[in-house]
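A quick write-up on the structure given underneath.
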Amino acid sequence: MTDAQDFDGLRALVTGGASGIGRATAALLAARGARVAVLDLDPSAVEKPLLGHRADVSDDASVRAAVAAAAADLGGLDVLVNNAGTGARGTVEDNDDAEWHRVLDVNLLGVVRTTRAALPHLRRSAHAAVVNTCSVAATAGLPQRALYSASKGAVLALTLAMAADHLGDGIRVNCVNPGTVDTPWVGRLLDAAPDPAAERAALEDRQPTGRLVTADEVAGAIAYLASPLSGSTTGTALAVDGGMQGLRPRRAAR
Ligand SMILES: NC(=O)c1ccc[n+]([C@@H]2O[C@H](COP(=O)([O-])OP(=O)(O)OC[C@H]3O[C@@H](n4cnc5c(N)ncnc54)[C@H](O)[C@@H]3O)[C@@H](O)[C@H]2O)c1
C-alpha cells in the first residue's frame, strides 16, 4: 500500500472543512481515496465529491444531527478530524467570562461533542482514527493569546486522555500543532492590523523557516496521523510549525 491510496474504502468527517486547514485536509483525504463529509457553520462552498453538512460545533443537537447524517451518507465513519475552531485575542484581563465560555465552547467542547457523536461509528471501524487540530499555542507562550492558548492546551490534554480511553476500542487519537498557517483566518487577522505587511513580516519572522506554514502542509500531517499506515501512532502531538516550538536558530544561520 502506498500513500496514494491509503484511504481507499475509508470514510472521513472533517469539521471546519469549508475553509483553510480543514478544506485542504478534506481535499487531500479525498484525493487519497476516502469518501469525505465536511461539517461546517457554512458548507455552501463545499464542492463534490465532498459532502457538506451544516452544523455549529457549539450546539450539541446540530452536531449529533450532522454526524448522523454524514455517517448515513457515507455508510459509517473511520476518520474524524476535529478542526473547527475560533480565535481570541488578549491577556487574561482582556476577555470577560462570556468570551471565555464562547471560545471554550467551540475549541474544546466542540471536540468533545463531535467525538462523542462519532464514537459509536468509529468503534465499528477497523481503521479508526481521530485527529485534532491543536496549535503551537498549546506548548509555547504567545503574547495576547491567553484564552486561545488555554483552549488549545485543553485540546492537547484531551487528545492524550482520549487516546488512552479509546485504546481498547482500537481508535487512535492524535493532534497536530501548527504554527502560523496562511489561511483565511490569518488573512482576517492581517487585514485587521494597523499595518498588515508589517504584521505578516513579524509572523513570518517568528518562525525559524522564515515563512508561514501552508494549509496543505498541515493537511499532509493530519493525513499521516489518520492513515492506516500509522497504526502504531497514538497519543502524539505532531508539530507543523516551521520549527517554532523546538528550534532557537541564530538569525544568520537561517
Ligand atoms: N491559521 C493558523 O495560523 C492556525 C494555527 C494553529 C491552529 N489553527 C487551528 O486550525 C483550525 C482551522 O483554522 P483555519 O486557519 O483553517 O481557519 P479558517 O477560518 O480558514 O477555517 C475555519 C473553518 O471552521 C469553521 N467553523 C468555525 N467555527 C465553527 C463552529 N462553531 N462550528 C462549525 N464550524 C466552524 C469556519 O466556518 C471555517 O470554515 C482551528 O482549530 C484553528 O484554531 C490555525
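The values are calculated or read from the model by the stated rules, or taken from the named source; none is laboratory data. Just so we're clear, the structure is a prediction, and the values are computed from it rather than from any experiment. Ideal geometry is used to build each Cβ from the backbone, glycine not excepted, and the neighbour counts take in all protein chains shown.
Details
- Exclusive hit being more than 12 Å from the ligand (Cβ to nearest atom) and surrounded by fewer than 21 Cβ atoms within 10 Å (Cβ to Cβ), set Gly87, Gly33: Gly33
- Candidate set: the range 172-193, residues that are without any contact (Cβ under 8 Å) to a residue 40 or more places away in the chain and more than 7 Å from the ligand (Cβ to nearest atom); chosen: the one nearest to the chain's Cα centre (by Cα): Asp182
- Qualifying residue in the range 209-222 (condition: within 15 Å of the ligand (Cβ to nearest atom), farther than 30 Å from Arg32 by Cβ and touching a residue at least 12 places away in the same chain (Cβ under 8 Å)): no
- Reported count of residues in the range 47-62, each being over 25 Å from His101 (Cα atoms) and near the ligand (Cβ under 9 Å from one of its atoms), is 0.
- Scanning the range 90-122 for residues that are touching a strand residue (DSSP E or B) at 6+ places or on another chain (Cβ under 7 Å) and either among the hydrophobic types (A, V, I, L, M, F, W, C) or more than 15 Å from the ligand (Cβ to nearest atom) (or both) turns up Val111, Ala118, Leu122.
- Which numbered condition Asp3 fails, given (1) modelled with pLDDT of 95 or more; (2) on the phi < 0 side of the Ramachandran plot: (1)
- When Val103, Val57, Val111 are screened for being surrounded by 18 or more Cβ atoms within 10 Å (Cβ to Cβ), out of contact with any Leu (no Cβ under 7 Å at 6 or more places or on another chain), of a type in the set (Val, Ile, Thr) and more than 23 Å from Thr214 (Cβ to Cβ), only Val57 passes.
- Taking first residues from the range 134-149 that are closer than 15 Å to His101 by Cα and partners that are not in a helix (DSSP H, G or I), the Cβ contacts under 6 Å between residues at least 6 apart in sequence or on separate chains come to Ala146/Thr91; Ala146/Val92; Leu147/Ala88; Leu147/Asn95; Tyr148/Gly87; Tyr148/Ala88.
- For the range 146-228, the helices (runs of 4 or more DSSP H) that sit wholly inside it and include 3 or more residues that are in the same structural domain as Leu29 (by TED's automatic domain parsing) and at pLDDT 95 or above are 146-165, 215-226.
- Arg23 being at pLDDT 95 or above, over 24 Å from Val240 (Cβ atoms) and near the ligand (Cβ under 9 Å from one of its atoms): no
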